[in-house]
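Below: one structure, written as structure tokens.
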Amino acid sequence: MTAHTPLRGIDALVAQGLVVPGRREALEAVAERYAVSVTPAIAALIDPSDAADPIARQFIPDTAELLTLPQEMADPIGDEAHSPVEGVVHRYPDRALLKLVHACPVYCRFCFRREMVGPGGASLAGEKLDAVLAYLASRPEIWEVIMTGGDPFILSARRVRDVAKRLAAIPHIKVTRWHTRVPVVDPERVTADYARALRVPGKASYIAIHANHPREFTPAARAAIARLADAGHVLLSQSVLLRGVNADIETLAALMRAFVENRVKPYYLHHPDLAPGTSHFRLSLAEGQALVKSLRGHLSGLCQPTYILDIPGGAGKIPIGPSFLSGCEMPGAEAQAEDRFGTQHSYPPA
Ligand code: SF4
């Protein structure tokens, strides 16, 4: 066992004092259904004496996960319906997702791919990776490739460098993007060498970093993020709006400021998907819109994410507001523009 070995399974969480022994049996039933893993960096952040700890809520299993509502789905964003080749999701013409691996260093309790991710299972390699790259090369409309999973940062530097080099050889791909939670959940993995290995020669390189609470920005996480920025990647944020974690204006504001202070531009704030056993995390769309509206009134434009809904079933992502403009639908009509204090102002028709 090394300093990086995650705690896998309920016994390991009990041994670490993160689960009281009396809950072992009930949580074993959850662990049989959904993967469990907590990295040492995350375990160190959890306050076991706080029953409402927002870090624990994201990573420690809960019996509420055993409740699956009728509207919840195994594949809530419809990846399978848009997968022409194993490992590729090609939903929009100009971009494709490349699922390099199904495992993650942590398993988030709200994960939208929780039925697909977990330990074991091979990463995309050999003939399967050849087939994926052949597909990408055969589709000149693909301008951007997004590496996801699971978490692609669990792959070795040698593996990511190999993928990067092979993508570099496809002329019509101009932009690469890696999606990861590793910089906050296992920051020591992101060495300067690793940050360089992710660069795809000749392409613009973006990294979307997933974090949901300002406490995730530990000194080690900040240093890992700095190594990525210093290696020349453009950094974007990804967060999920989660009840009991960040669904209040103070936490959300602190989270967005933490991103910006660390050179990460807030990008997507996801409304939670209809993943099975996650209803205890979901808030209503109206509650989410009110929070995002409040963010607009409180914070610099740099700190504003786009609030996103992935339409269940695979129809894609849409921005879901809130809107500050009304009344302009009719030709010649005056619009009403709402300022950050809620006051309405008229704006003339063109
Ligand atoms: S890191 Fe991402 S893919 Fe992995 S469990 Fe968390 S949300 Fe799911």
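Among rounded, prolate and oblate, which fits region 253-350 when a ≥ b ≥ c are the square roots of the eigenvalues of its C-alpha gyration tensor, a/c under 1.5 means rounded, and a/b larger than b/c means prolate? Working shown, then result.
On the way: a/c = 2.20, a/b = 1.38, b/c = 1.60.
Here region 253-350 falls in the oblate category.
How much net charge surrounds ARG257 when only the other residues with a Cβ under 15 Å from the Cβ of ARG257 are counted, with Lys and Arg +1 and Asp and Glu -1? All intermediate terms of the calculation are to be shown ahead of the outcome.
Numbers: positive: ARG215, ARG222, ARG263, LYS265, ARG296; negative: GLU216, ASP248, GLU250, GLU261.
Within the 15 Å Cβ shell, the charges total +1.
In nm, what is the difference between 0.36 nm times the number of residues separating LYS165 and SER49 and their Cα-Cα distance?
Details: separation 116, 0.36 × 116 = 41.76 nm, distance 4.74 nm.
37.0 nm is the gain from fully extending LYS165 to SER49.
Read phi for every residue in region 123-136 and hand back ³J(HN,Hα) as whole Hz from Karplus 6.51 cos²θ - 1.76 cosθ + 1.60, θ = phi - 60°, with x for Gly and Pro.
So the Karplus estimates, Gly and Pro as x, are 7, 6, 8, x, 5, 5, 5, 4, 5, 5, 5, 5, 4, 4 Hz.
Within the chain, what is the number of lysine pairs with alpha carbons under 14 Å apart, leaving out pairs fewer than eight places apart on the same chain?
On the way: LYS99/LYS128; LYS165/LYS174; LYS165/LYS203; LYS174/LYS203.
Within the chain, the lysine pair count is 4.
Express as a percent, rounded to the nearest 5, the fraction of DSSP beta bridges in the chain (both residues included) that run antiparallel.
Details: 14 of 42 bridges.
Of the beta bridges lying entirely in the chain, close to 35 percent run antiparallel.
Quick check: the distance between the Cα centres of region 289-350 and region 221-287, to the nearest angstrom?
20 Å
Give me the percent of the accessible area of region 80-319 that comes from carbon and sulfur atoms, probe 1.4 Å, all protein chains in place. Display every interim value, and only then the final one.
Numbers: 5070 of 8990 Å².
For region 80-319, the apolar C and S fraction of the accessible surface comes to 56 percent.
Could you tell me the largest-minus-smallest coordinate of the C-alpha atoms of the chain on each of the three principal axes, in descending order and whole angstroms?
Extents along the principal axes, in whole Å: 67, 54, 41.
Using only the alpha-carbon atoms of region 212-299, report the extent along each of the three principal axes, biggest first, to the nearest angstrom.
For region 212-299, the Cα spread along each principal axis is 39, 33, 20 Å.
Using θ = phi - 60° and the Karplus curve 6.51 cos²θ - 1.76 cosθ + 1.60, what whole-Hz ³J(HN,Hα) does each residue of region 309-325 get, with Gly and Pro shown as x?
Using θ = phi - 60°, the values come out as 10, 8, 5, x, x, x, 6, x, 8, 9, x, 10, x, x, 9, 10, 10 Hz.
Show the residues, 5+ positions off or on another chain, whose built amide H is closer than 5 Å to the amide H of THR39.
It is LEU7, by chain and number.
At a Förster distance of 41 Å, what's the computed FRET efficiency of MET116 paired with ALA337, Cβ-Cβ distance as r, to 0.05? Each step should come with its number before you reach the end.
Numbers: r = 43 Å, r/R0 = 1.06.
In this case the efficiency is close to 0.40.
Apply the Karplus curve 6.51 cos²θ - 1.76 cosθ + 1.60, θ = phi - 60°, to the phi angles in region 86-92 and return the couplings in whole Hz, x for Gly and Pro.
My calculation for region 86-92 gives 4, x, 10, 10, 10, 8, 10 Hz in order.
Stokes-Einstein at 10 °C, 1.306 mPa s, Kirkwood radius from Cα pairs: D for region 119-173 in µm² s⁻¹? Can you show the working numbers first?
Values: Rh = 12.1 Å.
My calculation gives 131 µm²/s for D.
So if I take the centroid of the Cα atoms in region 49-84 and the same for region 129-192, what is the distance between those two points in Å?
After rounding, the separation between the Cα centres reads 26 Å.
Under 5 Å between amide H atoms, partner at least 5 residues away or on a different chain: which partners does ALA335 have, H built in plane at 1.01 Å?
Here TYR347 satisfy the definition.
Amide H of LEU242: which non-local residues (sequence gap of 5 or more, or other chain) have their own amide H closer than 5 Å, using H built in the peptide plane?
ALA247
Subtracting the Cα-Cα distance from 0.36 nm times the residue separation, let me have the gained length for CYS328 to THR68 in nm, one decimal.
Details: separation 260, 0.36 × 260 = 93.60 nm, distance 4.13 nm.
Answer, rounded to one decimal: 89.5 nm.
What does the charge dipole of the chain about its Cα centre add up to, to the nearest 20 debye, if the Cβ of each Lys and Arg holds +1 and the Cβ of each Asp and Glu holds -1? Before the final figure, lay out each step's value.
Details: 37 positive and 37 negative charges, 242 e Å.
Charge dipole of the chain: 1160 debye, to the nearest 20.
Over region 192-317, what is the relative contact order in whole percent, taking alpha-carbon pairs under 8 Å and six or more residues apart? Before the final figure, lay out the partial values.
Numbers: 170 pairs, mean separation 31.4, N = 126.
Computed over region 192-317, the figure is 25 percent.
The values are calculated or read from the model by the stated rules, or taken from the named source; none is laboratory data. These numbers come from a predicted model, not from an experiment. Cβ sites come from the backbone with ideal geometry, for glycine too, and all protein chains shown count toward neighbours. Heads up: the accessible areas ignore ligands, DNA and RNA and are worked out on the full protein's heavy atoms, side chains in. Shrake-Rupley method; radii C 1.70, N 1.55, O 1.52, S 1.80 Å.
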